[in-house]
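To start, the structure itself, in structure tokens.
The values are calculated or read from the model by the stated rules, or taken from the named source; none is laboratory data. Keep in mind that this is a model prediction, so the values were computed, not measured. Cβ placement follows ideal geometry from the backbone for every residue including glycine, while neighbour counts extend to all protein chains displayed.
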């Protein structure tokens, strides 16, 4: 085949695109949780790529397109919104999610079918949620699951759990830890009944 005289520059591949837009990209996804009575609950997660923070989450026994759109409204108060929103091809999203994102000026980025690696940050978060919480508890009902998630996400995941992708920092960032002139001691506070602990250094 004859090569063109001025070949086009190769387009940006998927992973560099993800890295170049970390601070302006979010992702959404669902995971399912069985309860003690064999009901299935759906956990909806919104994740910021830049700091791996969860600005919004919700639990429902029956998700719908309208419900997802309402959750996105609640996740973006007062103009706080991403430039790109990554999602898979779940039929729950329907046409309404795309219409809502277009009205907000947010570009929807849909991953290819059966390609979870294209949405790596939220897929890893879902794995963390299962390995560090859901695999260790039996969920009684929706209210019980909401309480577990609230205790896991806010005091532990955001404030205490270090991330390799953040160079050992946490989503809430402890860039300037307090300094102590004298001896100190470490205090451990149990989270989720002792499943995890938070640690704080105080003066001895």
Please determine whether any residue of region 58-70 is in contact with a strand residue (DSSP E or B) (Cβ under 7 Å, 6 or more places away or on another chain), under 25 Å from residue 160 (Cα atoms) and either surrounded by fewer than 17 Cβ atoms within 10 Å (Cβ to Cβ) or at pLDDT 95 or above (or both). yes
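Take region 83-95 and flag every residue that is outside any loop (DSSP other than H, G, I, E, B) and either in contact with a strand residue (DSSP E or B) (Cβ under 8 Å, 6 or more places away or on another chain) or surrounded by 15 or more Cβ atoms within 10 Å (Cβ to Cβ) (or both). Break it down into steps so the answer makes sense when it comes.
Start the filter on region 83-95 by keeping residues that are outside any loop (DSSP other than H, G, I, E, B), which leaves 84-87, 91-93.
Within region 83-95, 84, 85, 86, 87, 92, 93 meet the criteria.
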Quick test of your reading of the structure: residue 32 fulfils all but one of (1) free of Cβ contacts under 8 Å to residues at least 12 places away in the same chain; (2) more than 26 Å from residue 138 (Cβ to Cβ); (3) in contact with a strand residue (DSSP E or B) (Cβ under 8 Å, 6 or more places away or on another chain). Name the failing condition by number. (2)
Which count do you get for residues in region 71-82 that are within 26 Å of residue 39 (Cα to Cα) and out of contact with any strand residue (DSSP E or B) (no Cβ under 8 Å at 6 or more places or on another chain)? 0
Check whether at least one residue in region 171-179 is modelled with pLDDT of 85 or more and over 18 Å from residue 151 (Cβ atoms), and report yes or no. no
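Residues are listed down the side, and each one gets a yes or a no for (1) in contact (Cβ under 8 Å) with a residue 40 or more places away in the chain; (2) on the phi > 0 side of the Ramachandran plot; (3) within 20 Å of the chain's Cα centre (by Cα):
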| residue | (1), (2), (3) |
| --- | --- |
| 122 | yes, no, yes |
| 132 | yes, no, yes |
| 138 | yes, no, no |
| 161 | no, no, yes |
| 179 | no, no, no |
| 182 | no, no, no |
